[in-house]
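Just so it is clear, none of the values below were taken in a lab; they were calculated from the coordinates. From a predicted model like this one, the values you see are computed outputs, not experimental measurements. Don't worry about glycine lacking a Cβ; one is built from the backbone with ideal geometry, like all the others, and counts go over all protein chains shown.
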Amino acid sequence: MRLLIMGAPGAGKGTQAVGIAAHYGVPAISTGDIFRSNVKNGTPLGKQVDAIMKAGNYVPDELTEQIVADRLDHPDAGAGFLLDGFPRTMHQVDALDDYLDKHGKALDAVICLDVEPEDLIARLIKRAEIEKRPDDNEETIRHRMDVYLESTRPLLDAYEGRGLLVKVDGNGSVEEVSTRIAAAVDSAVGH
Ligand code: AMP
């Protein structure tokens, strides 16, 4: 199973990605987590992306694409994967297409978590209190939402045009949403 999970900041992508990936027996690959662990460990990559992330901006495409390609080359991603937080730009969509084409592979479905915009900001502010993520202050949250709407939301139309988009209501408990996602993906891929 080769899946993407998309949605606005705060829609619950990260939480759902872990459960859905386990359900299908594939690794959950989160570019945000990869960047955060590099920042935490003070690696050269971490030093490069720290300020960008704190400002709520996107890491440059080529850098992000290289990191994803390297991660997808790991044997554990050979039989499938769930990408969380990638692609975020049309350039990244093209890069992922090229990578998959070259390896004779294709996406099975693109999950889109739908949550009311007012709920999103509230969720993010709550997460900021709990997780203390440096990119979770209110100003950055609003900026990340704007960047998402401008750069990433249009990708949903592109995937919808390819018949890959599986829209799922992201409101409800973690369990409710994950059950909904699995049912929607199974019916979309004909399982
Ligand atoms: P996330 O955990 O997915 O919300 O990602 C946190 C931050 O990491 C984002 O706000 C970006 O700064 C950076 N990031 C994660 N994924 C990408 C991506 N695909 N392209 C560019 N920047 C990214």
Per-q log10 I(q)/I(0), the range 56-144, q = 0.19 Å⁻¹ (Debye; single scatterer per alpha-carbon; no solvent): -1.00
Centre separation in Å (Cα based) which lies between the range 120-138 and the range 146-176: 21
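If each residue of separation counts as 0.36 nm, what is the full-extension length gain between Q48 and D33 once their alpha-carbon separation is subtracted?
On the way: separation 15, 0.36 × 15 = 5.40 nm, distance 1.50 nm.
Difference between extended and current length: 3.9 nm.
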For the chain, alpha-carbon Rg relative to the globular expectation (2.2 N^0.38 Å, N residues): 0.98
Computed label-point distance, nm, for sites V189 and M90 using a 7 Å Cα→Cβ extension: 2.8
Förster radius 45 Å - calculated FRET efficiency between I125 and Y99 (Cβ-Cβ, nearest 0.05): 0.80
Zone residues, the range 56-99, relative to N137, backbone N less than 20 Å from point 7 Å out along Cα-to-Cβ: 56-59
